[in-house]
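Step one of this worksheet: look at the structure below.
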Amino acid sequence: MESQKFNKLLCKISSDKHALVPIYQEFYAKIILHLHIRFGKAICPEDVAQEVFAILLNMEYREYINSPQQWLFSVADNKAIDLIRKQHIELSLPDDLKAPPQFEISTPNIAIQLAFEHIDPISRQILHMHFWEGYSHKEIAAQLNMSCGNVRQKASRAYKILEKFL
């Protein structure tokens, strides 16, 4: 829709609510798709799109809008962000999860214990979680707030150190 036609329809909305229909038909699906791509399942795109058109109905001061689609997408983005902020609930972690866990590797083999002393604590924790507890690298990365690639790299280096000492 051309910006001139869009702005004429916006001016008519205050006296004729049916002037919103062509704007709705043109942009509703585009707004839904934009919100779905941008925010995923964090919001209900239909609700946000409805709020965008409610804003259009209730606008009092109407500036000339050069790019209607871009303007509508910006309004939709701002409404979605507001909605996400309202839904945000702060969760507090239990005390035992606030500090990173300390792992003691208990094994009867002295050579393994000595080899583990040459590995930094984070890599030791990664090996423990992967080898003894069965976590995947992706799960370890999520728990330690690290990238999956970083976890793989630290695990690989730790295994090389173990190979060298064993």
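Quick check: the distance between the Cα centres of the range 7-37 and the range 130-158, to the nearest angstrom?
If we compute the Cα centre of each part, the gap is 49 Å.
Measuring from label point to label point, each 7 Å out along Cα→Cβ, what is the S14 to R85 span in nm?
Rounded to a tenth, the inter-label distance reads 2.8 nm.
Short version: ³J(HN,Hα) in whole Hz for each residue of the range 149-155, in order, from phi by Karplus 6.51 cos²θ - 1.76 cosθ + 1.60 (θ = phi - 60°), x for Gly and Pro, what are they?
With coefficients 6.51, -1.76 and 1.60, one gets x, 5, 5, 4, 5, 5, 5 Hz.
Sequence neighbours fewer than 8 away in the same chain don't count; with that in mind, list the lysines whose C-alpha is under 25 Å from K41.
Here the lysines satisfying the reach criterion relative to K41 are K30, K79, K86, K138.
Report the full-extension gain for the segment I122 to S3: residue separation times 0.36 nm, less the Cα-Cα distance, to one decimal in nm.
On the way: separation 119, 0.36 × 119 = 42.84 nm, distance 5.71 nm.
Extra length from I122 to S3 when fully extended: 37.1 nm.
What's the extension gain from F165 to L144 if we count 0.36 nm per residue and subtract their Cα-Cα distance? Display every interim value, and only then the final one.
Working: separation 21, 0.36 × 21 = 7.56 nm, distance 2.65 nm.
Full extension of this stretch gives 4.9 nm more.
Contour minus end-to-end for N58 and I32, with contour as 0.36 nm per residue of separation and end-to-end as the Cα-Cα distance?
Values: separation 26, 0.36 × 26 = 9.36 nm, distance 2.05 nm.
Length gained, N58 through I32: 7.3 nm.
With each pseudo-label sitting 7 Å past Cα toward Cβ, what's the Q69-Q153 distance in nm, one decimal?
With each label placed 7 Å out from Cα toward Cβ, I get 4.0 nm.
Read-outs throughout are calculated quantities, based only on the coordinates presented, and are distinct from any laboratory measurement. Note that the structure is a prediction, hence the values are computed from the model and not measured. Positions of Cβ are backbone-derived with ideal geometry, glycine not excepted, and every protein chain shown enters the neighbour counts.
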